Amino acid sequence: MMISDKKKTIMSGIQPTGVFSLGNYIGAIKNWKKLQEDYKCLYFIANLHSLTVRMDPEKLKKLTLDCVAMLLACGVDVEKSLVFIQSQVPEHSQLSWVLQCYTQFGELSRMTQFKDKSLKNSDNINAGLFGYPVLMAADILIYQSDFVPIGADQKQHLEITRDIANRFNNLYGQTFKLPQPYVSELGDRVMSLADPTSKMSKSDKNKNGFISILDPPDDIINKFKKAVTDSEARIYYSPDKPGISNLLAIYSALSDLGVEEVERKFESKGYGDFKVAVGELVAKTLAPIQDQYYHLVKDRGELARICEKGAEVASEMARKTLRSVYEKLGIL
Ligand code: TRP
């Protein structure tokens, strides 16, 4: 594969914690597909980050390759983008150790995700959970990435990445490029269908709140029929109408119509009809992705080969940065 050096570099990762949600698809993966046309893209499965919470090893192994199949099914093209598994490029972990020595206890203590996760996993507040943002900084900085497409919940992690890079550059001279967040024009928050004031989450206990990209069409349409909305019957986007606004945003993202155009399209319709229409559009969008996924996921050997090839190229890029870092620090 040829990756042109003139293009700007985009990199992003996703944890192999389960089947992607509609939120992952609209907020992230759908854009990953688009970005690979204009950027040099590196997409990886952040399996080392998943060790920060306990996970069954067999399940982790299976999900890692399943996620690769999901990425490809969603349109990530290995002829255009590098796809790999974090653990297969050891330079990430190596740089992470170095960067830990340039990250302060105080700044990691202030990370809101660390605070949230410590509350949720109060019996296992391990050092990996604490150092999570540093490994993420290493993921990003090691490729001299220009842009990182991330959701709002990861913005603070990108800020600390820039802080660490700046600190290192100030001490040892220009070493790392400062990455910028890539903000998609679509916005990145798909909300729960059961509680439109909270983000759609894979771990939602209420199964009706959450659409997985592998949900069968009937389930999808039923979940949309049950979507929580307000009692007024007119369809328009407003902060006072989080349920309908969420449905409008989903329809808009998948139809490539602006929200106002969607409002106009459903001007004379009631909530019931609109919910079915959104459900049908989601089901129709996901159908070919599901077909592709079930086809790709069977060939574990091929998925493993794709990742190994990706890791080889990624590793070569990563080694350059690591070597210059070691040199500057006197690490033999
Ligand atoms: N922390 C990210 C998440 O949970 C995943 C991730 C790990 C990542 N390393 C990254 C995202 C580097 C972007 C760049 O969503």
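The values are calculated or read from the model by the stated rules, or taken from the named source; none is laboratory data. It should be emphasised that the depicted structure is a prediction, and the values quoted were computed from it without experimental measurement. Cβ coordinates were reconstructed from backbone atoms using ideal geometry, including for glycine residues, and neighbour counts include every protein chain displayed. Surface accessibility is based on the protein's heavy atoms, side chains included, excluding ligands, DNA and RNA. Shrake-Rupley method; radii C 1.70, N 1.55, O 1.52, S 1.80 Å.
Spin-label model, residue 319 to residue 60: label points 7 Å out along the Cα-to-beta-carbon direction sit 2.7 nm apart. Sorted on the mean count of surrounding Cβ atoms within 10 Å across their residues, most packed first, peptides 174-183, 306-315 read 306-315, 174-183. Entry comment: accessible area of the chain is 49 Å² per residue, from protein heavy atoms only and a probe of 1.4 Å. Across all directions, the average projected area of the convex hull around the alpha carbons of the stretch 110-236 is 11.3 nm². Relative to the dominant Cα principal axis of the chain, helix 300-329 is inclined by about 50°.
Across the accessible surface of the chain, with the other protein chains kept in place and a 1.4 Å probe, carbon and sulfur atoms take up 52 percent. Helix-only arithmetic for the chain: the sum of -39500 (n - 2.57) across DSSP H runs with n ≥ 4, divided by the residue total, places the mean residue ellipticity at 222 nm at -16000 deg cm²/dmol. When the Cα atoms of the stretch 207-293 are aligned to their principal axes, the ranges along those axes come out at 37, 26, 20 Å in descending order.
Residue separation of residue 167 and residue 152 scaled by 0.36 nm, minus their Cα-Cα distance, works out to 3.0 nm of gained length. Placing a label point 7 Å from the Cα of residue 206 along the Cα-to-Cβ line, the residues of the stretch 250-267 whose backbone N sits under 20 Å from it are 250-251. Report note on the peptides 95-102, 81-88: ranked by the mean count of other C-beta atoms within 10 Å, highest first, their order is 81-88, 95-102. May I ask you to derive the FRET efficiency for residue 237 and residue 331 from their Cβ-Cβ distance with R0 = 51 Å, giving the value to the nearest 0.05? Rounded to the nearest 0.05, the efficiency is 0.40.
The slack in the chain from residue 260 to residue 284, taken as 0.36 nm per residue of separation less the alpha-carbon distance, amounts to 6.5 nm.
Convex hull volume of the Cα atoms of the chain, normalised per residue: 145 Å³. Measure nothing fancy, just the Cα-based angle from helix 242-255's long axis to the longest principal axis of the chain, in degrees from 0 to 90, nearest 10. Its long axis makes an angle of about 70 degrees. Once the Cα atoms are used to define both axes, helix 155-172 deviates from the longest principal axis of the chain by about 20 degrees. Projecting label points 7 angstrom from Cα along Cα→Cβ for residue 119 and residue 225 puts them 3.7 nm apart.
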